[in-house]
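Some notes on the structure that comes next.
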Amino acid sequence: MSSFKEIVTKAVIGKAKKTTTNSFSLTPEEAPNTVLGCWVINNKFSGTKANDGSVVVNGSFDVNVWYSYDADKKTAVATQNFSYTDNLKVPLKEDHALDDASEIIVRTLRQPTVTNVSVDSGVVKLDIEKEMGVEIVGDTKVKVSVEDDYDDYEEIVDDDLELNDDYLEEEKEN
């Protein structure tokens, strides 16, 4: 005979990813002639619940631009910190809702990367692409079958054991 029990546990109740491209401008001290390289470092972010039930990811990163100036005779590196905000509508499974007890986990699925760079009137214009993933962990119920009087132990029976009734007598003789 079996019955059912409900177990309340934490599980992923919503999961989504989003790729975004943002444009930024950086003005170095010297007017650049050519961009020689650029990279994005120190990506930091966190996710919070918005009033409309979506997830807002706030973050920032540093952009380093290596450029030449003075008719390509000298080089320098300009660094600037940029902030970003991404809004992600995460679809939730079944009848779950994003509430204060839900845990929001944000991951970088693809690190921020400069996809396009140009110089216009002494200003470096950058397009930066990144992919963020969000998981929402919340309470859910799991129904399991429980078997009553279930015994999974194997019983060992020592039927093959032979007793030597003369054992004590033999030990006295030795």
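Read-outs throughout are calculated quantities, based only on the coordinates presented, and are distinct from any laboratory measurement. Here the structure is a predicted model, which is why all the values come from computation and not from measurement. Here the Cβ is made from the backbone with ideal geometry for all residues, glycine too, and neighbour counts use every protein chain on show.
Observations, loosely collected:
- Inter-label distance for residue 34 and residue 169, nm, one decimal - labels placed 7 Å from Cα along Cα-to-Cβ: 11.0 nm
- The orientation-averaged shadow of the Cα convex hull for the stretch 25-174, equal to a quarter of the hull surface, comes to 24.7 nm².
- Take every pair of alpha-carbon atoms less than 8 Å apart whose residues are at least six positions apart; their mean separation over the length of the chain yields a relative contact order of 34 percent.
- At full extension, residue 79 and residue 15 could sit 19.6 nm farther apart than now, given 0.36 nm per residue minus the alpha carbon distance.
- Using a Förster distance of 30 Å, the FRET efficiency for residue 44-residue 8 (Cβ separation, nearest 0.05): 0.35
- Considering only 147, 155, 129, the mean-square fluctuation computed in a Gaussian network model of the chain, springs between alpha carbons under 10 angstrom, is largest for 155.
- Value at 222 nm in deg cm²/dmol, rounded to 500, when DSSP H runs of n ≥ 4 in the chain each add -39,500 (n - 2.57): -1000 deg cm²/dmol
- Given R0 = 45 Å, the distance between the Cβ atoms of residue 95 and residue 152 translates into a calculated FRET efficiency of 0.80.
- Put a dot 7 Å past the Cα of residue 103, heading toward its Cβ, do the same for residue 56, and the two dots end up 2.4 nm apart.
- A crude spin-label estimate for the pair residue 68 and residue 110, with each label 7 Å from Cα along the Cβ direction, gives 3.1 nm.
- For the cross-link pairs 89/125; 18/125; 5/130, the ones whose C-alpha atoms lie over 32 Å apart are 5/130.
- Under a model in which nothing but the beta-carbon of Lys, Arg (+1) and Asp, Glu (-1) is charged, the chain shows a dipole of about 3560 debye around its Cα centre.
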